[in-house]
Amino acid sequence: MQELKGIAAAAGIAIGRALKLKYEDWIILKQEVKDAEIPFQIQRFEDALIQTRKEILDLQKKITQDLGDDSAQIFEAHLLVLEDRMIIEEVITRLEKEKLCVSYLFSEVLKKYIDVFSKIDDDYIRERIADIRDVGKRLLRHLLGKEKRILFKDIKEPVVVVAHDISPSETAAMYKEKVLAFVTDTGGKTSHTAIMAKSLEIPAVVGLGQASIKINNDDLLIVDGLKGFVIIDPKKDVLDVYQKQRKEFNIVSQKYLNVKDLPSRTLDNFKVKIMANIEMPQEIPAVKLHGAEGIGLYRTEYFYMNREDLPTEEEHYQAYKFVAEQMRPYSVVIRTLDLGGDKFLSQLNIPEDMSRFLGWRAIRFCLARPDIFKVQLRAILRASVHGDLRIMYPMISGIEELRQANAILDECKEELRSSGSSFNHNLKVGAMIEIPSAAMTADILAEEVDFFSIGTNDLIQYTLAVDRANEKVAYLYEPAHPAVLRMVRNIIEAGHKRGILVGMCGEMASDPAMVLVILGLGLDHFSMPSLVAPQIKYIVRNVKMEEARLIAEHALNLSTAKEVESFSEGRLKEILK
Ligand code: PEP
Ligand code: MG
């Protein structure tokens with residue numbers, strides 16, 4: 001038996017056999033080849049070159065269509081690497097001389113070039129190294145005939161998936177398949193893979209470091225998504241304990257579920273709204289099952305994933321119409337495309353700077369590409385006649401971005417008006433407050449929006465300079481940090497002063513330890529993965545607003561996150577006992 005400690009990403013306890021997903025890198029064996037096999041090896045190499053070239057040309061065409069020439073530039077460089085005679089000739093000469101398999105020789109030649117270039121201190125050369133790596137990987141994939149990652153729908157028996165890393169789009173593909181839970185070496189509590197797991201109710205532990213090395217296929221695993229443990233080959237008594245805990249978890253969940261249809265009111269009659277975050281329309285039954293009063297955050301990026309092209313206006317429209325109708329009379333906040341960071345378009349080889357949290361992403365990308373942005377905006381507007389839809393922009397850093405986004409929205413309205421399409425002319429528009437500059441200028445922003453939603457996942461990462469998806473700095477990612485609490489207080493006060501409602505859709509809204517504090521600070525809407533909604537409602541229903549205010553006041557006077565956490569957890573225990 002071995003116990004691994006990671007980060008609890010999605011609640012639940014699962015017990016099952018391991019199924020390992022292959023790591024993205026390959027072990028390339030140094031195999032000798034006979035003289036007679038040399039022409040065959042050369043043929044393999046040439047085939048792989050042709051396939052890789054075709055793959056790059058296809059990608060280039062696609063990106064040019066979808067994102068324009070600039071974004072497709074990178075592929076020119078990739079093609080140049082692929083056509084580099086020096087690399088090709090060196091591989092063939094060595095093959096004839098050393099008589100080793102072509103995949104090994106190609107990887108060796110690549111390594112040599114990378115080593116030589118790495119020693120040159122020049123930005124241009126550094127970029128070329130990235131190109132060589134990228135092209136090299138593609139070519140090796142063709143040479144080795146590397147199979148794609150497992151298709152979850154082909155899994156016959158329930159398993160626990162084990163991987164070095166899992167992307168949000170892969171997590172989405174596990175939905176309703178025979179995956180009991182998953183565990184990964186990388187990732188943080190608010191990485192999008194973790195968020196997706198919560199939304200889809202797949203227990204998960206991330207940031208385990210070396211789980212994918214320590215665990216073998218078919219090992220019996222216990223995944224404790226509540227405390228963040230994974231146990232390999234558990235002893236009988238440990239297994240018994242966890243089987244009991246799994247039952248208890250279900251009983252407690254049922255206790256919370258009993259309040260799901262009751263009002264979310266404090267003991268002294270203050271009403272707040274407990275809403276759901278969704279990633280895809282298929283989650284609506286779960287939202288209803290957990291009694292959420294509307295959708296506070298519909299993350300639309302996932303719409304763009306696990307597919308080969310960009311969604312059309314009609315596809316957007318049908319999805320939004322469905323969600324609006326299903327949720328009536330409740331409101332649904334559709335967040336416009338928030339692509340980038342650790343969420344990415346699986347079908348597009350997007351520019352490197354888009355995958356950085358501080359890069360060209362989310363609203364920045366949408367403002368630069370109104371053609372893509374407008375497809376979504378028009379669809380939301382058209383769907384707005386089917387229910388109470390609202391629009392929310394992500395990653396707003398200041399009033400100018402908000403105005404630019406609204407100007408594009410106005411253009412869409414104008415286009416619809418002139419084509420005679422109907423839409424809700426009073427559609428509410430809000431901004432996510434998830435960048436410190438927005439939090440500090442919330443008073444200015446509040447003048448020009450209908451509502452705020454605090455995105456604490458990003459607000460914490462930007463305020464504390466902690467990458468939310470990096471397990472190595474996860475210890476610094478502190479929702480209860482005094483800087484974060486002050487920002488949250490500032491945003492709520494600024495919103496209320498100007499008479500707009502303030503919600504929170506980051507994971508902090510569903511953190512039991514923080515609920516009393518944010519309730520006391522006056523938050524109006526709490527939006528979260530629907531699974532947790534009953535528990536948060538249960539807490540709200542068992543406290544007086546008067547008490548929550550005192551808790552918030554005290555918490556804001558404490559100096560460290562640890563003090564805030566232990567104080568508010570202590571108060572929560574007392575209140576719920
Ligand atoms: C947030 O940043 O808190 C948020 C809700 O958005 P996302 O997690 O999708 O970045
Ligand atoms: Mg965010």
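Some values worked out for this structure:
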read-out	value
Residue identified as within 25 Å of residue 278 (Cβ to Cβ), buried (at least 20 other Cβ atoms within 10 Å of the Cβ), β-branched (Val, Ile, Thr) and outside the structural domain of residue 456 (by TED's automatic domain parsing) among 223, 230	223
Qualifying residue in region 293-308 (condition: more than 16 Å from ligand 1 (Cβ to nearest atom) and at pLDDT 95 or above)	yes
Residue check for residue 424: out of contact with any Pro (no Cβ under 6 Å at 6 or more places or on another chain) and farther than 20 Å from residue 362 by Cα	yes
Looking only at region 283-336, and only at residues there that are of a type in the set (A, V, I, L, M, F, W, C) and under 19 Å from residue 455 (Cβ atoms), the one that is surrounded by the fewest Cβ atoms within 10 Å (Cβ to Cβ)	303
Residue within region 489-511 that is more than 23 Å from residue 394 (Cα to Cα) and either touching a Lys or Arg at 6+ places or on another chain (Cβ under 7 Å) or not hydrophobic (A, V, I, L, M, F, W, C) (or both) present	no
Members of region 450-465 found to be of a type outside the set (Asp, Glu) and within 14 Å of ligand 2 (Cβ to nearest atom), listed by number	452, 453, 454, 455, 456, 457, 459, 460, 461, 462, 463
Single condition residue 436 does not satisfy, out of (1) away from ligand 2 (no atom under 16 Å from the Cβ); (2) within 25 Å of the chain's Cα centre (by Cα)	(1)
Residue within region 462-479 that is more than 16 Å from ligand 1 (Cβ to nearest atom) and of a type in the set (Gly, Ala, Ser) present	no
The listed residue being assigned to a helix (DSSP H, G or I), within 16 Å of ligand 2 (Cβ to nearest atom) and not hydrophobic (A, V, I, L, M, F, W, C), out of 378, 403, 364	364
In region 416-453, residue nearest to ligand 1 (Cβ to nearest atom) [restricted to those that are surrounded by fewer than 15 Cβ atoms within 10 Å (Cβ to Cβ), among the charged types (D, E, K, R) and in a loop (DSSP other than H, G, I, E, B)]	448
Positions within region 471-509 being closer than 22 Å to residue 208 by Cβ, more than 16 Å from ligand 2 (Cβ to nearest atom) and touching a Gly at 6+ places or on another chain (Cβ under 9 Å), in sequence order	471, 472, 473, 474
Check on residue 158, open to solvent by 50 Å² or more (accessible area, probe 1.4 Å) and closer than 30 Å to residue 4 by Cα	yes
Residue within region 337-352 that is at pLDDT 90 or above and either surrounded by fewer than 22 Cβ atoms within 10 Å (Cβ to Cβ) or in the same structural domain as residue 277 (by TED's automatic domain parsing) (or both) present	yes
Scope region 63-89; condition open to solvent by 40 Å² or more (accessible area, probe 1.4 Å) and either part of a helix (DSSP H, G or I) or of a type in the set (S, T, N, Q) (or both); matching residues	64, 65, 69, 70, 73, 74, 76, 80, 85, 86, 89
Filter result for the condition that a residue is over 30 Å from residue 298 (Cα atoms) and either touching a residue at least 40 places away in the same chain (Cβ under 8 Å) or crowded, with 17+ Cβ neighbours inside 10 Å (or both), over 546, 563	546
Within region 390-400, tally of residues that are part of a helix (DSSP H, G or I) and under 18 Å from residue 491 (Cβ atoms)	1
Residues of region 498-533 that turn out to be within 23 Å of the chain's Cα centre (by Cα), within 21 Å of residue 269 (Cα to Cα) and assigned to a helix (DSSP H, G or I), as a count	6
Residues of region 356-388 that turn out to be surrounded by fewer than 17 Cβ atoms within 10 Å (Cβ to Cβ) and more than 26 Å from residue 191 (Cα to Cα), as a count	3
Test: residue in region 239-253 that is within 30 Å of residue 549 (Cα to Cα) and more than 16 Å from ligand 1 (Cβ to nearest atom)	yes
Residue identified as within 16 Å of ligand 1 (Cβ to nearest atom), in the same structural domain as residue 7 (by TED's automatic domain parsing), open to solvent by 10 Å² or more (accessible area, probe 1.4 Å) and in contact (Cβ under 8 Å) with a residue 60 or more places away in the chain among 193, 186	193
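The values are calculated or read from the model by the stated rules, or taken from the named source; none is laboratory data. This is a predicted model, so every value here is computed, not measured. Cβ: placed from backbone, ideal geometry, glycine included. Neighbour counts: every protein chain shown. The area values use the complete protein model at the heavy-atom level, side chains included, leaving out ligands, DNA and RNA. Shrake-Rupley method; radii C 1.70, N 1.55, O 1.52, S 1.80 Å.
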